[in-house]
1. For a quick check of your reading of the filter: which trypsin sites (Lys or Arg not before Pro) in the stretch A:76-137 sit in a DSSP loop and have no more than 15 other Cβ atoms within 10 Å?
2. What does the highest-first list of B:211-220, B:449-458, B:109-118 look like by mean Cβ count within 10 Å?
3. My understanding is that a pair violates if its Cα-Cα distance is over 28 Å; which of A:Lys92/A:Lys134; A:Lys134/B:Lys292; A:Lys82/A:Lys129 do that in this structure?
4. Any idea of the total accessible area buried by the B-A contact, 1.4 Å probe, rounded to 100 Å²?
5. With θ set to phi - 60° and the Karplus curve 6.51 cos²θ - 1.76 cosθ + 1.60, what are the ³J(HN,Hα) couplings of the stretch A:162-168 in order, to the nearest whole Hz, using x for Gly and Pro?
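The values are calculated or read from the model by the stated rules, or taken from the named source; none is laboratory data. Every value quoted in this text rests on a predicted model; they were computed, and no experiment measured them. Using ideal geometry, Cβ is built from the backbone for each residue, glycine included, and neighbour counts are taken over all protein chains shown. Please note that ligands, DNA and RNA were not included when accessible areas were found on the heavy atoms of the full protein model with its side chains. Shrake-Rupley method; radii C 1.70, N 1.55, O 1.52, S 1.80 Å.
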Amino acid sequence: MQTDSPEDKALAAADEFDDEPVESRTSNVIAAAIVVALAVLIIVQSQFIGEPGRPTDPGPGGYPTLLAVILIVVAIPLFFQKESGEAWPSFKHGLGALAILVGMIVYAQILGLIGYIVPTVALILFGIKVADPKTSWIRSLLYAIVFSVLIFYVFYSVLGVSLPRGDLERLLS
Amino acid sequence: MNDWIIGLEAVLTWQPLFFMVLGVVAGIAVGAIPGLTATMAIAVVLPFTFAMDPLPGVMMLLGLYSSAVYAGSIPAILMRLPGTPASAATALDGYALTQRGRGGEALMISLVATFVGALIGGIALAIFAPYLAGIAVNLGAAEYAMLALFAIAIIGAMSEGALAKGLISGVLGLLIATVGIDPIDGYARFTFGSSDVRSGLDFIPILIGIFGVAEAFRQFEKRAGVARVGSSNALGKYSIRHVWRRLVPGVPYSSVLGFGVGVLPGTGGDIGAFIGHNEVRRISRDNRRFGKGDPRGLAAAESANNAAVPGTIAPTIVLGIPGNSAAAVLIGAITVHGLRPGPQLFEGSPDLVYGIFWSLLFIPFVMLIIGLVGIQLWGRIISIPRQYLWPSVLALSVIGSYALRGSVFDVMVMTCAGVLGYAMHKGGFPVAPLIIGLIVGPIAETNFRRATILDGGGYGWMLEPLPLLFLVLSLVTLAFPIINTWRRKRVGV
């Protein structure tokens, strides 16, 4: 297959949007150790699943055990590799992602308690301010409310998709 | 030939055509929203067809199904958030192109590849349906187990340069698929007493988390300082002729592969797309950019994906065995009218059967026209400032995960998958193999254990013709990246 067009060469050269992989053997060793530990845990847990395997069938615990053993085997070369992935963020930049993660966990817990709209407005507002603290509060709140109500209406009333409903949602629908 | 004319006469009336176009429009709207699967959309719309004649009803559902599969590529390309599971492979190259300010080109490639793939699939269905369905229904546990192995072998091949990490990712996907109830004996596995976990981890929330939420975390990590998404002028204008030149001949090849995979019961566009992507990559020169923004990869995934749609219809129409869950719902649209899919339908209702074949030839053209009109609209998504876009993506992701089973647990699964996907990016682990492992996991385990049981505990079933063919293909697929890596190290590249 021919690949000599100018577009292809530009594509190959235009890597500025790629996060360059970093070399970090430490990162690979940690990842490999986690994978091996997980595999050992699976092997141990699998011994307590149902009946032991029969000669004609690995059994419900035998199949995950087989996979866990394969996992350990393919993880071994990782202890000796240098190439890793993207660089981990600095503490300051990582706070943004961590804040969103905490926000989503809280969101998931209250979603079923008070309905869809209010928690979603809060999540979107929180996300906007985390992404860009300088964004106007009023504009952010307006966007969050309009988006959440619109989405609720489209999904619940038009498409008939079940969403958590509180008093506000019952009022609107 | 007479049946073809009967089918064409049945299709060329206002009612079937109107509902087919309505289905296409609705399918694009649904497919573009992450978490709303084509199956869900068909199931929701199905009751509306009860009051219609069979052909318009089925044509509407086919239009909806086909276009939902296509439209899943839109958020996959623009936001790295597959609109449907079948677009997971599209996100690999599609989003990378968007990041380079080539979102418009990516959308055009997706549309053209969709058109070609769907058309080739429709033609293949019309010609080979009776023969292909007859072969597919004869596949047993041994063949399916080896097919699953072949899909898993592609995991390694896709991760050239990171073979160990790719295989770890794939095996992790297989392990995640074991959570829940064991498919043979019915024992609970890794549930830790939770009734939510007992029903298994649905792969849709995991898919949304791995691709969408993880990317959102990366966006929030970088704050508003760096513009990772293209500017508002990023889409540009690209003619079909500009795009078409790049696609031949990979697209027809991947289309045929996608159709073949779609014919096999239990498989569909999601697996077909990865297989098409990998196979075109394998036979392409200078394939280092596949998965990182190569238009050929995007075109291969989309054409295979959409060619699989007619493929899944083959066993459904000819034998009454649904090719996948969406096809199972389609059967409902036929049986509600007292008709029964199968050979007798060919004789008793040729207008319906051949009308379906004709509709699958017309639908690609309808998708192309609507897609060309809409393409500039989709691009407005990336003109939205990042601080509004990514929180909105999170909100949509939550809906997509919750809507499946009405379960907050699925939202938590999605969040955890987002953390996993984020960590995998940092560690250099490819995420696509995990998704493949998750999808083929149940197929692999069930059929591996069944084949072993049927063979009395032996593994001689691997040496039967078709299983052996899949085994050889798997070994060849795995050998290529190992040999290439060894060669590169040898010449010091």
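1. A:Lys82, A:Lys134
2. Highest to lowest by the protection proxy: B:109-118, B:211-220, B:449-458.
3. Correct reply: A:Lys134/B:Lys292; A:Lys82/A:Lys129.
4. Using a 1.4 Å probe on protein heavy atoms, the buried area is about 7100 Å².
5. After applying 6.51 cos²θ - 1.76 cosθ + 1.60, I find 6, 10, x, 10, x, 5, 5 Hz.
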